[in-house]
């Protein structure tokens, strides 16, 4: 007879497992700030995007608006543990999150992360203050964008 492992034990052993919320984006306020239907707003975890008063900021905003506004996405809030009480909030009181989405080419594949795409395009840079340990690969994405002189890194030496 097989032994059953209680689900509670699995959460104790693997606290990083989390179930995303599937939400629909109502409005893109800024490239790193979105609002979902129902009024819930989040900032993107681990990155900062220039303001729309800059050329790169405008490009980033247009990109995120085109890719996400009105679409259903999967949202993983940045937490210090596997509980809602561990959600990390910025100075503005908004929680941080990663947002994953499908594209026409990737139908059924939710592996596109807008946080990562912004870094790859050079539209964002890392925000060390709100970069979780499990997202340290963001450094490689930013480094590559810098090397390719993409987005904000275009005219930098």
Original post:
Hey, does region 81-97 have a residue that's modelled with pLDDT of 95 or more and in contact with a helix residue (DSSP H, G or I) (Cβ under 7 Å, 6 or more places away or on another chain)?
Top reply: no
Subject >> Residue within region 139-147 that is surrounded by fewer than 18 Cβ atoms within 10 Å (Cβ to Cβ), touching a strand residue (DSSP E or B) at 6+ places or on another chain (Cβ under 9 Å), part of a loop (DSSP other than H, G, I, E, B) and touching a residue at least 12 places away in the same chain (Cβ under 8 Å) present >> reply: no
Original post:
How about region 83-128: which of its residues are loosely packed, with under 11 Cβ neighbours inside 10 Å and either within 11 Å of the chain's Cα centre (by Cα) or within 12 Å of residue 43 (Cβ to Cβ) (or both)?
Top reply: 91, 92, 93
Original post:
Out of all the residues in region 124-138, which are outside any helix (DSSP H, G or I) and within 14 Å of residue 96 (Cα to Cα)?
Top reply: 126, 127, 131, 132
**OP:** Filter region 86-105 for residues that are free of Cβ contacts under 8 Å to residues at least 60 places away in the same chain and within 22 Å of residue 134 (Cβ to Cβ) and give the result.
**Re:** 86, 87, 88, 89, 90, 95, 96, 97, 98, 101
Original post:
Can you spot a residue in region 105-127 that is on the phi > 0 side of the Ramachandran plot and touching a helix residue (DSSP H, G or I) at 6+ places or on another chain (Cβ under 9 Å)?
Top reply: yes
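Yes/no per residue for (1) touching a strand residue (DSSP E or B) at 6+ places or on another chain (Cβ under 7 Å); (2) at pLDDT below 95; (3) assigned to a loop (DSSP other than H, G, I, E, B); (4) farther than 21 Å from residue 137 by Cα:
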| position | (1), (2), (3), (4) |
| --- | --- |
| 10 | no, yes, no, yes |
| 57 | no, no, no, yes |
| 62 | no, no, no, yes |
| 76 | yes, yes, no, no |
| 107 | no, yes, yes, yes |
| 110 | yes, yes, yes, no |
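The values are calculated or read from the model by the stated rules, or taken from the named source; none is laboratory data. These numbers come from a predicted model, not from an experiment. So basically every Cβ, Gly included, is an ideal-geometry build from the backbone, and we count neighbours across all protein chains shown.
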